[in-house]
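Worksheet: one structure, shown below.
No lab work stands behind these numbers, since they all come straight from the coordinates. None of these values were measured; they are calculated from a predicted model. Positions of Cβ are generated from backbone atoms using ideal geometry, with glycine treated the same way; all protein chains shown enter the neighbour counts.
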Amino acid sequence: MNWKFWKSNRRKSKTREWFDALIFAVIAATIIRTFLLEAFTIPTPSMEKSLLVGDFLFVSKINYGARTPMTPLSFPFAHQELPIFGTKSYSESIKLPYYRLPGFSTIRNYDIVVFNYPMEDDRPVDKKTHYIKRCIGIPGDTLAIFDRKVSINGIAQDLPEFGQFLYQVKTNGTGFNPRVLEKLNIRDGGPGMSEGEYRFFLTKETSIELKKLPNVSSIEPYMQPQGIYEDYIYPFTPDMPWNIDNFGPLYIPKAGDQIPLNKRNVALYRRCIEKYEENTLTESNGQWYINGEKANSYTFELDYYFMMGDNRHNSADSRFWGMVPDDHIVGKAVFIWFSWDKFGSFFTKIRWSRLFSFIHD
């Protein structure tokens, strides 16, 4: 046998080498993305000024334990839709049960968490839209909001360092120089209904600085009064007239908790029982039935979490759609690797001070 001839015939072509390298890269990146780290970007101002629109993040899957794929037949690196085509990037012909690998820790109060938006009932859990918020309440907590102030288990909680609220600002009739607003880092808000009236989303420190401007006559925080019912606030019943600034008290269930089935508890936890834990809950002549069987109580199978944005008056969060079940948790936001300011000038498009910075709770 001519050894040299046999060996040369079996050398890979350049095309084959590139193809093999590409397949390896896709497999390696998929494993990293599924079980270790995944890149996300901030699309909305719900976490301003803690996280900014245009921040690019790494989210750790190992902190809380990686969630194994529930919809495994999926196009690599496409979450819901295929680019260009706009069609579904996944098939539901195979569905796997929820399972989470062991993690380094559990979710703690004030962790910044990425999760699947729980209200998208038409999608599999792991293909729902990604949201990022701060976890205010963990399983077993009782949360309440009174006059914008959050309390957990009866203890008042500090607003996050860069937390914001909506403020009503009145001037002497003149407007604001855009450069002044830019210097104060005021991006959200604008003119109100009346001349000389503005509404801005501000940190407490920024509101103090804004009040020093000579054309500002008054600045007051916006607040919904207690007892005012807003029908878009969870749990969507006038029996509990909650609003964005006055909410609860609400107990956040943990797995194994048992609650009596009554009108109040059913209003608060029906979605958890029916949608997230996949039971049928009905009532007949004052008696409750779960999956057709008479029941006086219900035992939760999952842990639940209460999420809020740091930009408290500009965040669609658990006040609007309720609690997040454990199987919707994706991971913990840990690191900003890039930040892009679309409003910046040529030299300030990149927020250099935010590059390669860790996210602190």
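For this structure, a couple of remarks:
- Note on Lys12: lysines with a C-alpha under 30 Å away, same-chain residues under 8 apart excluded, are Lys4.
- Residue-wise HN-Hα coupling along segment 258-270, computed from phi with Karplus coefficients 6.51, -1.76, 1.60 (Hz; x: Gly, Pro): 10, 10, x, 8, 9, 4, 5, 5, 5, 4, 6, 10, 4
- Across Lys49/Lys127; Lys127/Lys342; Lys183/Lys212; Lys95/Lys128; Lys133/Lys212, pairs whose alpha-carbon gap is larger than 24 Å: Lys49/Lys127; Lys127/Lys342; Lys133/Lys212
- For segment 167-239 and segment 298-361, distance of Cα centres in Å: 23
- Cα convex hull of segment 165-221, projected area averaged across orientations, nm²: 3.3
- Pairs spanning more than 28 Å between alpha-carbon atoms, out of Lys170/Lys349; Lys254/Lys275; Lys61/Lys254; Lys149/Lys211: Lys170/Lys349.
- Cβ-to-Cβ counts within 10 Å put Leu355, Leu37 in ascending order as Leu355, Leu37, the fewest first.
- Residue order, fewest to most surrounding Cβ atoms within 10 angstrom, among Val53, Val334: Val334, Val53
- Across segment 340-354, coupling constants 3J(HN,Hα) worked out from phi with the 6.51/-1.76/1.60 Karplus curve, θ = phi - 60°, read 10, 9, 5, 8, x, 6, 4, 8, 10, 4, 8, 7, 4, 5, 9 Hz, and Gly and Pro carry x.
- Hz values of 3J(HN,Hα) by residue in segment 179-189 - Karplus curve (6.51, -1.76, 1.60), Gly and Pro given as x: 5, 5, 5, 5, 5, 7, 6, 9, 10, 9, x
- Trypsin sites (Lys or Arg not before Pro), loop per DSSP, at most 14 other Cβ atoms within 10 Å - longest free stretch of the chain: 213-341
- Relative exposure of His130, His313, judged by other C-beta atoms within 10 Å (fewest first): His130, His313
- Structure-derived P(r) over Cα pairs in 20 Å bins from 0, in percent - corresponding label in [x] 30, 53, 17, 0; [y] 24, 50, 21, 4, 1; [z] 28, 50, 21, 1: [y]
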